[in-house]
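Student: Please read through the structure below; I'll follow up with questions.
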Amino acid sequence: MFDLGDPYYNEKRIALTANAEAMVEELLVSDYGEHNMMVYSNRRAFRQLYSRYCREVLVERTSNSSANEMILIISYYDTISSIGYVLRRIGIDLDKCQADKSITLMDSVTAYSCPVHHQTCLDNNNDKKNDNNTDNGIWAANKDCETPDLRPPFHFYYRPYRILSLVGSLLQSMENIGMNGLCVIADMGSFYLLDRVEELVDYECSYAPKFDKEMRVKAFCCHHRQEITRGLTQEEQTKILGHHNRHLLLTSS
């Protein structure tokens, strides 16, 4: 994947290969409303990316396009405490930033699981209510969930992943405190870990390459290169690529 010599990329001009330092610039200038995909080569490169981006937005504040921005980091390989350690080491007052909601951290398994205890769940096969379609809060295959509390841009019948309610809450807070936008850097690794590849493809393909700009969200769905090449067929990779605006390959620094 990410064959930059392919005519598709030459025509669309939406693929980019860069190291962490250069990729931070691409994240900074990305427009709100973009649904982008990033494949990273290793954990170190991804760690450098999110830490440098956070420092640029929260400390350096040199980018007008990302000024006064909220950041949501969904991590898979790094624990929340590890992310906090990394961010503090580069000079970010994490306690202050979390208190004023300029940065929020969540692990990938939690983000893409479902708080099912108060949801109404429907079986796709026979549309009968089914209370046994989940396993420890992880959504089982071939199920939908009625979530009337999730307002647009989220689907009415959709798996109620925790990340969706979190993003909705952050968007409301963003409006209340007058921040300009939300950047979501989300590692999709938990789908591979829990062998939920079909669900991953469905989730990624449920969103168009562009959101409504009025949402003021720019999203980067992040996949480890080994996971995506080992876990997805070429057809599945192509489907996912088609539902993202830009295709970014993060190399080692």
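Student: What value does segment 188-244 have for Rg/Rh, both radii from Cα atoms and Rh as Kirkwood defines it?
Tutor: For segment 188-244, the value is 0.99.
Student: In addition: Distance from a point 7 Å along Cα→Cβ of residue 77 to each backbone N in segment 32-52: keep the residues under 19 Å and list them by number.
Tutor: Zone members listed by number: 37-52.
Student: On to the next question. Sort the following peptides by mean Cβ neighbour count (other Cβ atoms within 10 Å, averaged over residues), highest first: 184-190, 77-83, 196-202, 103-109.
Tutor: On the way: 184-190: 22.6, 77-83: 14.9, 196-202: 17.6, 103-109: 20.1.
Highest mean packing first, the order is 184-190, 103-109, 196-202, 77-83.
Student: Right, next: Which Cα, out of 197, 217, 231, lies furthest along the positive dipole direction of segment 197-236 (beta carbon charges, K/R +1, D/E -1)?
Tutor: 217
Student: While we're looking at this one, here's another question. Please give me the summed charge of the neighbours of residue 51: other residues whose Cβ is under 13 Å from its Cβ, Lys and Arg +1, Asp and Glu -1. Write down the numbers at each step before the final one.
Tutor: Details: positive: 43, 44, 47, 52, 55, 88, 89; negative: 21, 56, 60, 78.
Computed value for this residue: +3.
Student: Quick check: pseudo-label points 7 Å beyond the Cα along Cα→Cβ at residue 193 and residue 63, how many nm apart are they?
Tutor: Once both label points are built, they end up 2.7 nm from each other.
Read-outs: derived from the displayed coordinates by stated rules, not from any lab. Keep in mind that what you see is a predicted model, and the values were worked out from it rather than measured. Here the Cβ is made from the backbone with ideal geometry for all residues, glycine too, and neighbour counts use every protein chain on show.
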